[in-house]
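Read through the structure below, which is laid out as structure tokens, and then see the notes.
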């Protein structure tokens, strides 16, 4: 799992990927308020189930500490969900590929063959993508939203032929 500063920045700025995020057990996230303010990637947390008070609730817990918060969407002042930056795992990114042609096997082969052809043709990957998660995020943003990572932000790709 990529927990690098670069991947955090790529995810935070991938608004299209973030906007429909619904926290689930096993997700890696960082609170944007902490990330922006203190630039502390060690505050990456993992979402898990909390059963302490007789009810099951999602809880965000920092990976290297016992610190954590309940993800409570009921009270506006405690709405931590809106401040979470999702750091998708590779399998979660692959699920975002908009290819659905039948069976799981057919989809699997189609997605990976399309991805492989794209990766071989892409000229900018040598200096940008360092991890599988970064590579898949770049692919998703290009395929679905026609955006490219320039090292600092996602920019819309100009497809005009000049």
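Going by how many other beta carbons lie within 10 Å of each one, how would you line up 31, 61, 105, fewest first?
Going from least to most buried by this count: 105, 61, 31.
If we sort 142-149, 111-118 on the protection proxy, mean other Cβ atoms within 10 Å, highest first, what's the order?
Final packing ranking: 142-149, 111-118.
Which length gain, in nm to one decimal place, applies between residue 95 and residue 20 when the Cα-Cα distance is subtracted from 0.36 nm times their residue separation?
Values: separation 75, 0.36 × 75 = 27.00 nm, distance 1.35 nm.
Fully extending the segment from residue 95 to residue 20 adds 25.7 nm.
The numbers here are math on the coordinates, done by the rules we state, and not lab data. Given the structure is predicted, the values throughout are model-derived calculations rather than measurements. Note: ideal-geometry Cβ built from the backbone for every residue, glycine included; neighbour counts use all protein chains shown.
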